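Some notes on the structure that comes next.
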Amino acid sequence: MRLLDPGARQLAYTLEGPEGAPVVMFSNSLGTTASSWQPQADLLSRHLRVLRYDTRGHGMSGLAGAQAHGPGRGYTLAQLGGDVLRLLDALDIETVDFCGISMGGLTGLWLGVHAGPRLRRLVVANSAARIGTAEGWTARADQVLAQGMDPIAAGAAERWFTPDFRARVPAAVDGLVGQLQACDPQGYAACCLALAEADLRAELAAISVPTLLVAGREDPVTTVDDARWMEARIAGAECVELPASHLSSVEAEPEFTRHLQRFLE
Ligand SMILES: O=C(O)CC1=CCC(=O)O1
């Protein structure tokens, strides 16, 4: 991984694939890292430039002030979106196809509303204009700050994957849960507080970039109804449903990547 702005604001990223090819950028979900996109990166980097980064407070990216303000002070969705623009500016990349899942999808929606000209196409997977409730996210932030990542990690597999997938592919499940366990509680909590505040419901209609919405039929966190609600408000948006729970890019990886490739062609 390479580092932009080493230090507290550092963003860890990888850029692979043929130089000069169009760039597709990936954004991770809460508690995971850029490596959760490995299957998509392996395939797409054969003919596209693939840019992945760890969201601030995750993986090798910095905490960017999460600690400086103490418990209760989090990031904002505008900061998460601003990091994307900072990275693109630093790499001299004018436009990208952007694909984000869950929190990363919400970051993509923010970019669609506030930085549309930087996007060619937008893929928003397992996400919503408003995810969960402010009370739920604040309670989760408080919990990780008080008890660390273990209690949250203990329930992650059930939130992210169907029972069938957990039984069939335990190594993949353990790998993702391991990313969550390795998260810095300060960074994770600061992202929870960004989600507590984030609400793009009144702004979605401002998105004019071609948009693909991906929903998991068994996702209990961001539901098919959430995706259909966005589809009705984003002009020309297309919505596909996959046989998966919340991390559909992992659980239904072949179908997910097929739809992504088709949409990017
Ligand atoms: O871990 C969860 O609760 C699922 C989730 C919500 C937002 C996100 O990025 O992941």
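Miscellaneous remarks
- CD proxy at 222 nm, helix term only [per DSSP H run n ≥ 4: -39500 (n - 2.57); per residue of the chain; nearest 500]: -12500 deg cm²/dmol
- Dipole size of segment 220-265 about its Cα centre, with +1 on Lys/Arg Cβ and -1 on Asp/Glu Cβ: approximately 120 debye, rounded to the nearest 20.
- Scattering profile of the chain at q = 0.07, 0.12, 0.14 Å⁻¹ [log10 I(q)/I(0), Debye over alpha-carbon scatterers]: -0.21, -0.64, -0.91
- Candidates A215, V24, V177 compared by Cα position along the dipole of the chain: farthest toward the positive end lies V24, with charges placed on Cβ.
- Segment Q38..L3, full-extension length gain: 10.8 nm, with 0.36 nm per residue of separation and the alpha-carbon distance subtracted.
- Per-residue Karplus couplings for segment 208-220, computed as 6.51 cos²θ - 1.76 cosθ + 1.60 with θ equal to phi - 60°, are listed in order as 10, 7, x, 10, 10, 9, 10, 10, x, 4, 10, 7, x Hz, Gly and Pro entered as x.
- Taking D83, D225 and ordering them by how much accessible surface each has at a 1.4 Å probe, largest first, produces D225, D83.
- Amide H contacts under 5 Å for G216, placed H, 5+ residues apart: N126, L242
- Rounded to the nearest angstrom and listed largest first, the equivalent-ellipsoid semi-axes of segment 34-112 from its Cα gyration tensor are 24, 14, 12.
- Estimated dipole of segment 2-264 in Debye, rounded to 20 [Cβ of Lys and Arg +1, of Asp and Glu -1, Cα centre]: 320
- Springs between Cα atoms under 10 Å define the GNM used for the chain, and in it the highest mean-square fluctuation of A232, A125, A12 occurs at A232.
- Amide H contacts for S27 (H built 1.01 Å from N in the peptide plane; partners 5 or more residues away or on another chain; cut-off under 5 Å): C99, G100, I101.
- Of the accessible area of the chain, computed with a 1.4 Å probe over protein heavy atoms only, carbon and sulfur atoms account for 51 percent.
- Extension gain for A206 to A154 (0.36 nm times residue separation, less C-alpha to C-alpha distance): 14.9 nm.
- Modelled spin-label separation between E197 and D164, with each label point placed 7 Å from Cα along the Cα-to-Cβ direction: 4.1 nm.
- Cβ-defined net charge surrounding S245, 10 Å radius [Lys, Arg +1; Asp, Glu -1]: -2
- Heavy-atom SASA rank of L111, L4 (probe 1.4 Å, accessible area, largest first): L4, L111
- Computed on the chain, with alpha-carbon pairs under 8 angstrom and 6+ residues apart, the relative contact order is 21 percent.
- Length added when fully stretched, H47-R262, from 0.36 nm per residue minus Cα-Cα: 76.0 nm
- For segment 2-264, share of DSSP beta bridges that run antiparallel, in % to the nearest 5: 25
- If you sort E251, E218 by accessible surface, 1.4 Å probe, largest first, the order is E218, E251.
- Using the 1.4 Å probe convention, the accessible area of segment 20-109 works out to 31 Å² per residue with neighbouring protein chains retained.
- A crude spin-label estimate for the pair R217 and Q143, with each label 7 Å from Cα along the Cβ direction, gives 2.9 nm.
- For E255, the accessible surface of its heavy atoms amounts to roughly 60 Å² (probe 1.4 Å, protein chains only, rounded to the nearest 10).
The values are calculated or read from the model by the stated rules, or taken from the named source; none is laboratory data. Treat the numbers as computed from the prediction; the structure is a model and nothing was measured. No Cβ is skipped: glycine too gets one built from the backbone with ideal geometry, and neighbour counts run over all protein chains shown. Just so you know, the surface numbers come from the protein's heavy atoms only, side chains and all, with ligands and any DNA or RNA stripped out. Shrake-Rupley method; radii C 1.70, N 1.55, O 1.52, S 1.80 Å.
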